[in-house]
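Please read the structure below before turning to the comments.
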């Protein structure tokens, strides 16, 4: 009987010490979060602890996030400050994408902020076969900052603004209604879908770990990619493979530094695109520019199979129709000088291209064209000689072209 009592007492003491230790950890987390004094209202909750422990159980993944934060946080903070927002919103990006600008999920959200396509459309970021500006940390951060400002103007609460980013204001409003119109996050929490309810606690956990990782024995880290870079203007079709073969920068590194280009290809644009390469290799690009722009085979333009599959997910969600790369790369540029009596519709007919494309290539806001205006037109490469002759044709000759059509 005495032995039994001793055993019972021992079990009770063990359970008690476990409860005390657990309470001690909870209190420690709570105190440390309070010390951060964030305007995001980083309130401790048992659900936050689950996500903190996820980070602690994956120290290598956490170290990689720490390394990326050293490079990307200053960029994100700049955009947030420009809109007068709390810079701690940077933890949302760290939570959503682990600060990987190329991140992509099954629903088609992408970029460092894991931005959904409807948000992209609302704020007019470019997303097409070759370009996804959600993956541009600077451009997407400017849009994210404006979007957060708009969300906060609705809810006047950062926890709710963050939750609505995860699932849309429409969904969150329904949850608020079910919760007797309470505007306190933890009242609404049980009624939220996972995309809503998990985001805010995860943001709190991310803020905690990026401020207190040393206290948990996790060492500091640096970014795994080159951070000292030069920007080079590219105004012709060019592949990462071409740049790699001349400069020695690997295709993988080009992807890391230039996530906005979806197919490892820099497409043609009138203004051109700035491409980032390591400073140590930028001189190679300038010295061997003619070699870089050599003609390439279509085999060099084929994207990685996994990357291609991921892009097809985004395209299907966004409603982007695939473009035939071989056909696109067979285009040649022709300059047409507008003559008296010409109009955009006729010019489009003569060159067998949509009028909308001519407007896009030449940044025309209206259909009107002026006498003497030079228009850039991209035509089939195999017929470039024929299309060049149109520039010297008389009005009567061009009418015959239209009649043939």
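The values are calculated or read from the model by the stated rules, or taken from the named source; none is laboratory data. In this text the structure is predicted, and so the values were computed from the model without any measurement. For neighbour counting, all protein chains shown are included, and Cβ atoms are generated from backbone atoms with ideal geometry for every residue, glycine included.
Filtered by the rule that a residue be in contact (Cβ under 8 Å) with a residue 12 or more places away in the chain and not in a helix (DSSP H, G or I), segment 43-67 gives 43, 44, 45. Taking the criterion of being over 26 Å from residue 69 (Cα atoms) and either outside any helix (DSSP H, G or I) or touching a helix residue (DSSP H, G or I) at 6+ places or on another chain (Cβ under 9 Å) (or both), would at least one residue in segment 214-223 satisfy it? Checked segment 214-223: no residue is over 26 Å from residue 69 (Cα atoms) and either outside any helix (DSSP H, G or I) or touching a helix residue (DSSP H, G or I) at 6+ places or on another chain (Cβ under 9 Å) (or both).
Listed here are the residues, each with its yes/no results for (1) surrounded by fewer than 16 Cβ atoms within 10 Å (Cβ to Cβ); (2) free of Cβ contacts under 8 Å to residues at least 40 places away in the same chain; (3) touching a strand residue (DSSP E or B) at 6+ places or on another chain (Cβ under 7 Å); (4) assigned by TED's automatic domain parsing to the domain that holds residue 62.
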site	(1), (2), (3), (4)
200	no, no, no, yes
236	yes, no, no, no
240	no, yes, no, no
247	no, no, yes, no
257	no, yes, yes, no
262	no, no, yes, no
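Every listed requirement among (1) exposed (fewer than 13 other Cβ atoms within 10 Å of the Cβ); (2) at pLDDT below 55 is met by residue 271 save one, (2). Inclusion of residue 386 among residues that are over 39 Å from the mean Cα position of the chain (by Cα), in a helix (DSSP H, G or I) and at pLDDT 85 or above is warranted.
A single member of 107, 102, 38 is part of a loop (DSSP other than H, G, I, E, B) and within 13 Å of residue 210 (Cβ to Cβ), and it is 38. Of all residues in segment 358-383, those satisfying the criterion of being in contact (Cβ under 8 Å) with a residue 24 or more places away in the chain and in a loop (DSSP other than H, G, I, E, B) are 362, 363, 367, 368, 369, 370, 371, 372, 373. Answer yes if at least one residue in segment 157-167 is touching a residue at least 24 places away in the same chain (Cβ under 8 Å), within 26 Å of residue 264 (Cβ to Cβ) and not assigned by TED's automatic domain parsing to the domain that holds residue 237, and no otherwise. No, the conditions are met nowhere in segment 157-167.
For segment 320-338, the candidate set comprises residues that are surrounded by 15 or more Cβ atoms within 10 Å (Cβ to Cβ) and modelled with pLDDT of 90 or more; within that set, the residue that is farthest from residue 238 (Cα to Cα) is 338.
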